[in-house]
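Peer 1: Got a structure for you, questions after.
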Amino acid sequence: MKRIAVLTSGGDAPGMNAALRAVVRTSVFYGYECFVVYHGYQGLIDDEIKSANARSVNNIINKGGTILKSARSLEFRTPEGRQKAYANIKKREIDALVVIGGDGSFTGALIFQNEFNFPVIGIPGTIDNDISGTQYTLGYDTALNTVVEVIDKIRDTASSHNRLFFVEVMGRDAGHIALNTGIGAGAEEILIPEEDRGLGKLLESLKHSEKSGKSSSIVVVAEGDKTGKNVFELAAYVEQNLPYYEVRVSVLGHMQRGGSPSCFDRVLASRMGVHAVESLREGKSKAMVGILNDKMELTPLEEAIKGKSKINSNLLRVTDILSI
Ligand code: F6P
């Protein structure tokens, strides 16, 4: 192996730049030539491939987003598109590819490796933390801290106006962000797709909170939650049934994807970038780097894609007890 390429794909996440920096510098450390690809897989097809060195990734460890940009490439889903991408890779005699992204990006990586017998290693970069084979994905810790800070601010106004706030957070089909930020911000209720408690239970619990003297409440709702049709209808239903509360809704949206990565995410990204290159160096591929029991591990891409991340049921118990 002499040349490694690296790209970022799918939804951006804080820490992607730190991982990119680690891949480039580890490649240089081992004497490999490194290429960076702009705009994800579409950049492979459009030949947006540039040589990089240790200095190319100066001052990015603290930057959110991805300097390589990301894109969802429909063309890469076609054999013709992947053929074009492969031709550009071979033109530069690139020997392996590191893909920093989520499960959708890994699906493309797996198809590409199978079609061309071309070594690929994945680094899990998504705020959702919904990929099995790693306890943490890049960006998750930063997103948790961003959301908790915002909910603390919402609580200030909720308690000033005796209001009930529904706060919708990201996570796609997973409830990790909602569950952990709900506990961290002391939310009265947390609604996640993994556990459908039903509207009745929600009303009962909010009534109990009000009776126990809570003049305001926060309900954190994962965007994938199925309790109500959507967070606005859920809020309207609760307002109709709990007349003493003024209800408001805050949908946090894409700000959860931004911001300078936390130290945890920077260290995780650095470890993952080093491990990705060292794994390729050892002839390992078709796998995703992950952290399990604080150790760097490899999980076959098939497993990382198919596996489902599990909700920590103990956290559900904690939130039930502490929202008394
Ligand atoms: O996967 C990360 C994520 O932010 C999800 O939490 C969210 O549902 C989705 O991306 C939003 O996708 P887009 O940026 O394409 O709107």
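Peer 1: Restrict the check to the stretch 119-140 and report whether at least one residue is open to solvent by 30 Å² or more (accessible area, probe 1.4 Å), assigned to a strand (DSSP E or B) and within 12 Å of the ligand (Cβ to nearest atom). Quick ask: steps written out before the conclusion?
Peer 2: In the first step, residues of the stretch 119-140 are kept if they are open to solvent by 30 Å² or more (accessible area, probe 1.4 Å); the result is 119, 135-136.
Subsequent filtering for residues that are assigned to a strand (DSSP E or B) retains none.
No: the stretch 119-140 contains no residue that is open to solvent by 30 Å² or more (accessible area, probe 1.4 Å), assigned to a strand (DSSP E or B) and within 12 Å of the ligand (Cβ to nearest atom).
For (1) part of a helix (DSSP H, G or I); (2) free of Cβ contacts under 8 Å to residues at least 24 places away in the same chain; (3) of a type outside the set (Gly, Ala, Ser), each residue gets a yes or a no:
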site	(1), (2), (3)
197	no, no, yes
202	yes, no, yes
206	yes, no, yes
214	no, no, yes
219	no, no, yes
227	no, no, yes
233	yes, yes, yes
236	yes, yes, no
249	no, no, yes
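Peer 1: Find all pairs meeting these conditions: Cβ atoms under 6 angstrom apart; at least six residues apart or on different chains; first residue within the stretch 124-146 and within 18 Å of residue 18 (Cα to Cα); second residue more than 10 Å from the ligand (Cβ to nearest atom) and of a type in the set (D, E, K, R).
Peer 2: Sorted first by the residue in the stretch 124-146, then by its partner, the pairs are 138/265; 141/265; 142/265.
Peer 1: Exactly one of these conditions fails for residue 14: (1) more than 16 Å from the ligand (Cβ to nearest atom); (2) more than 18 Å from residue 275 (Cβ to Cβ); (3) open to solvent by less than 10 Å² (accessible area, probe 1.4 Å); (4) of a type outside the set (Phe, Trp, Tyr). Give me its number.
Peer 2: Only one criterion in (1) more than 16 Å from the ligand (Cβ to nearest atom); (2) more than 18 Å from residue 275 (Cβ to Cβ); (3) open to solvent by less than 10 Å² (accessible area, probe 1.4 Å); (4) of a type outside the set (Phe, Trp, Tyr) is unmet by residue 14, namely (1).
Peer 1: Of the numbered conditions (1) crowded, with 23+ Cβ neighbours inside 10 Å; (2) in a strand (DSSP E or B); (3) in contact with a Lys or Arg (Cβ under 9 Å, 6 or more places away or on another chain), residue 4 fails exactly one; give the number of that condition.
Peer 2: (3)
Peer 1: Can you confirm whether residue 196 is within 16 Å of the ligand (Cβ to nearest atom), under 21 Å from residue 314 (Cα atoms) and charged (D, E, K, R)?
Peer 2: Working: within 16 Å of the ligand (Cβ to nearest atom): no; under 21 Å from residue 314 (Cα atoms): yes; charged (D, E, K, R): yes.
Here the answer is no, as residue 196 does not meet what is asked.
Peer 1: Also: From the residues in the stretch 154-172 that are surrounded by 16 or more Cβ atoms within 10 Å (Cβ to Cβ) and free of Cβ contacts under 8 Å to residues at least 60 places away in the same chain, which one is farthest from residue 22 (Cα to Cα)?
Peer 2: 172
Peer 1: Restricting to the stretch 150-186, what's the tally of residues that are within 15 Å of the ligand (Cβ to nearest atom) and of a type in the set (D, E, K, R)?
Peer 2: 3
Peer 1: Tell me, which residue of the stretch 277-310 that is in contact with a Pro (Cβ under 9 Å, 6 or more places away or on another chain) and assigned to a loop (DSSP other than H, G, I, E, B) is least open to solvent (accessible area, probe 1.4 Å)?
Peer 2: Per the stated criteria, the residue is 285.
Peer 1: Would you point out which residue out of 61, 100, 67 is out of contact with any Pro (no Cβ under 9 Å at 6 or more places or on another chain) and surrounded by 13 or more Cβ atoms within 10 Å (Cβ to Cβ)?
Peer 2: Every option except 67 fails the conditions.
Peer 1: Yes or no: residue 277 away from the ligand (no atom under 16 Å from the Cβ) and assigned by TED's automatic domain parsing to the domain that holds residue 117?
Peer 2: Criteria met by residue 277.
Peer 1: Right, something else. Can residue 77 be described as out of contact with any strand residue (DSSP E or B) (no Cβ under 8 Å at 6 or more places or on another chain) and open to solvent by 50 Å² or more (accessible area, probe 1.4 Å)?
Peer 2: yes
Peer 1: Please verify whether residue 62 is out of contact with any helix residue (DSSP H, G or I) (no Cβ under 8 Å at 6 or more places or on another chain) and either at pLDDT below 95 or within 28 Å of residue 146 (Cβ to Cβ) (or both), treating the condition exactly as stated.
Peer 2: Working: out of contact with any helix residue (DSSP H, G or I) (no Cβ under 8 Å at 6 or more places or on another chain): no; either at pLDDT below 95 or within 28 Å of residue 146 (Cβ to Cβ) (or both): yes.
When the stated conditions are applied, residue 62 does not pass them.
Peer 1: Search the stretch 214-230 for residues being farther than 9 Å from residue 191 by Cβ and open to solvent by less than 10 Å² (accessible area, probe 1.4 Å), and hand back the single one that is farthest from the ligand (Cβ to nearest atom).
Peer 2: 217
Peer 1: While we're looking at this one, here's another question. Look at residue 151 and say whether it is outside any helix (DSSP H, G or I) and open to solvent by less than 10 Å² (accessible area, probe 1.4 Å).
Peer 2: no
Peer 1: If a residue must be open to solvent by 10 Å² or more (accessible area, probe 1.4 Å), part of a helix (DSSP H, G or I) and closer than 15 Å to residue 121 by Cβ, how many such residues does the stretch 27-40 contain?
Peer 2: 0
The values are calculated or read from the model by the stated rules, or taken from the named source; none is laboratory data. These numbers were taken from a predicted model, which means no experiment stands behind them. Cβ atoms come from the backbone with ideal geometry, glycine included; neighbour counts cover every protein chain shown. SASA here: full protein model, heavy atoms, side chains in, ligands and nucleic acids out. Shrake-Rupley method; radii C 1.70, N 1.55, O 1.52, S 1.80 Å.
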